[in-house]
Amino acid sequence: MTEPLHQQHDRKWWKEAVVYQIYPASFQDSNGDGIGDIPGILSKLDYLSDLGVDVIWVCPHYKSPQVDMGYDIQDYEDIHDKYGTLEQTEELIKAVHDRGMRIIFDLVINHTSNLHSWFQESRSSRTNAKRSWYIWRPAKYDKEGRRCRPNNWRSNFSKPAWTWDEQSQECYLHLYAPEQPDLNWENSECRQAIYKSAIKFWLNKEIDGFRIDTVNLYSKHPDLPDAPIVYPELESQPAYMYYANGPRMKDYLSEMSGIFAKYDVMTVGELPYTPDQEHVMAYIYARNKQLNMVFNFDTVDLGQTPGNRFLPRSFTKQDFKRTLFRWQSVIENTDAWTTVFLENHDQGRSVSRFASDLPEYRVRAAKMLATMLTTLTGTLFIYQGQEIGMINVPRSWPAKEYKCVKSVSHLAEIRQSSNGDPKALSEALDVLQLMARDNARVPMQWEGESANAGFCPDDAKPWMSVLESHREINVKNQIGKQSSVLEFWKKMLKLRKEHKDIFVYGRFREIATAALDEEIAIFMKQGDDGRKAVIIANLSKHEMEVRISSLLAKEGSNFGLAVANMDNVAIDRLQAFEARVYLSAS
Ligand code: GLC
Ligand code: CA
């Protein structure tokens, strides 16, 4: 008799949850102004529940001037007027709960909008009581007496991270847009105000947790030192080594998790610029009481240069596998937990980036990625449109279609540095087409017949152009059609829940025989009761002979084919982007 395996992860609702991320501006418009809204979300709850979603994550819906699509918050306790009202938001929370689902909001507290009353007060004078709620420094002056910034840090939106304030004659720090000043977490009064307004206000309205924006940037290097010069031609330099994971992160998160501990909620932190394993683990060991889990950037950063998203870098399928699988084994036999995701509102579409969006492959490729994601250990996150296999914007898009602050400021910088050279602009558009955040922000594709994809009325003007691909790729086309990407996701989510010991909590082992092509992923998942699954995915468009029959025989258990993303399966031959799941009989 085999020893029963020791249960490796304790069970929690938020570990088993399938989380669906909604980008409110682009999900569903209910009143014809071309901007998605809260009533629009309400109207789609049954669709989400039918898909198999347990938790809805709504991107920032707070009052905001929308310089960074709501990640610049003017009032944590109010709603962006284009999205709706506080009452409608309360109604949404209730309607989600009535359907047995849960809802989490975005918690953006590294910075506020410059229009937040706290910043308005802070900038009003150097002696204001809230002056030190933000990070102010005197300007420096060069030999010629010209005013310079306090250090050479570059913001995440291609601009220097400091802006001079005429009124109070100092510079303030902003790791994102100048309209997003960084809060000074060193100030405990400021921290308490954040907790009260941004966290407790909403927990008391019974939401079920938060996705925590840029969670590791609150604590900066206390000396704010100059960053190493890696781009001599640029005015400012990537400085994440000095502003990510600073020395007081642990204190701040301990304090914050003390609040969460009083509620039954989940927390998932966005963890940019943190490739180092021990750093990551410190945030997610349950015993450390910091965060339930984090989003690692390993996979979504592929194809980019650290600190410079728009400087392309090549990567291989091997890199894709290595990064996607990285945290599977690391959390094994620990009390830490991880996430599984390939998309969000800051990334290009996974089918376009990691598989193929060519018409002949994209359906199968989307199902192949779904097969991998739904069988991996961790909390699973799906981004709106991913469930129907939405693809990137077309390369024919001119510069003016790109609306995201990061894309717009990148294009401005290219125009300036190249003196408007059309070739440089065209090269920049090549990169944006693949990497721009805009790819994820176009309207959701509900139906194919109408000009605006059912996102808003045909005579309305959507805030971003609807993609022509909506004619083929849309919910209406797919719902109830067994061969569709949407129905495949539903089937996979069901399977994941039916066998959660294997898929949600299971032990992971990559089966990599030297003879195998690097473009194939094969892995084993095993539940605490010893039951196993073998998952096979061809990541490429090349057909391959693979000795799957002998591989399964070697693993011993009596395996049966549970799912495949195509009709005709020849056991030892993998078609382009083919994926299969084999389950052991007992
Ligand atoms: C996070 C968000 C992104 C936003 C940034 C600043 O990375 O996901 O959309 O621009 O934080 O808040
Ligand atoms: Ca609207």
Name the strands (runs of 3 or more DSSP E) wholly inside segment 5-102 in which the number of residues that are open to solvent by 50 Å² or more (accessible area, probe 1.4 Å) and at pLDDT 95 or above is 1 or more. 75-79
What number of residues within segment 285-336 are open to solvent by less than 20 Å² (accessible area, probe 1.4 Å), over 17 Å from the mean Cα position of the chain (by Cα) and within 17 Å of E270 (Cα to Cα)? 2
Which condition breaks for S254 when tested against (1) within 21 Å of the chain's Cα centre (by Cα); (2) among the small types (G, A, S); (3) surrounded by fewer than 16 Cβ atoms within 10 Å (Cβ to Cβ)? (1)
Exactly one condition in (1) within 16 Å of ligand 1 (Cβ to nearest atom); (2) farther than 23 Å from A282 by Cβ is false for L311; which is it? (1)
Could you list, in sequence order, all residues of segment 138-195 that are of a type in the set (D, E) and part of a loop (DSSP other than H, G, I, E, B)? D142, E144, E166, E179, E186
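Yes or no, residue by residue, for (1) crowded, with 23+ Cβ neighbours inside 10 Å; (2) within 25 Å of the chain's Cα centre (by Cα); (3) more than 16 Å from ligand 2 (Cβ to nearest atom):
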position	(1), (2), (3)
S122	yes, no, yes
R126	no, no, yes
R137	no, no, yes
K143	no, no, yes
A161	yes, yes, yes
Y176	yes, yes, yes
W185	yes, yes, yes
Please note which helices (runs of 4 or more DSSP H) are completely contained in segment 476-586 and include at least 3 residues that are closer than 27 Å to K15 by Cα. 485-498, 500-503
Given S113, S117, S124, which one is in contact (Cβ under 8 Å) with a residue 12 or more places away in the chain and touching a helix residue (DSSP H, G or I) at 6+ places or on another chain (Cβ under 8 Å)? S113
Within segment 31-67, residues within 14 Å of ligand 2 (Cβ to nearest atom), under 21 Å from M390 (Cβ atoms) and either small (G, A, S) or outside the structural domain of G454 (by TED's automatic domain parsing) (or both) come out as G34, G36, G40, S43
Pairs only if they're at least six apart or on different chains, beta carbon under 7 angstrom, first in segment 42-61 and of a type in the set (S, T, N, Q), second crowded, with 23+ Cβ neighbours inside 10 Å; list them, first residue then second. S43/Q28
Quick count over segment 425-440, residues being charged (D, E, K, R) and surrounded by 22 or more Cβ atoms within 10 Å (Cβ to Cβ), is 1
Go through (1) more than 15 Å from S158 (Cα to Cα); (2) charged (D, E, K, R); (3) open to solvent by 30 Å² or more (accessible area, probe 1.4 Å) and name the single condition E413 misses. (1)
Is there a residue being of a type outside the set (D, E), over 16 Å from F210 (Cα atoms) and within 11 Å of ligand 1 (Cβ to nearest atom) anywhere in segment 67-74? yes
Any idea how many residues of segment 68-83 are within 16 Å of ligand 2 (Cβ to nearest atom) and either within 19 Å of the chain's Cα centre (by Cα) or without any contact (Cβ under 8 Å) to a residue 12 or more places away in the chain (or both)? 2
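The values are calculated or read from the model by the stated rules, or taken from the named source; none is laboratory data. In this text the structure is predicted, and so the values were computed from the model without any measurement. Every residue, glycine as well, gets a Cβ built from its backbone with ideal geometry; the counts of neighbours run over all protein chains shown. SASA here: full protein model, heavy atoms, side chains in, ligands and nucleic acids out. Shrake-Rupley method; radii C 1.70, N 1.55, O 1.52, S 1.80 Å.
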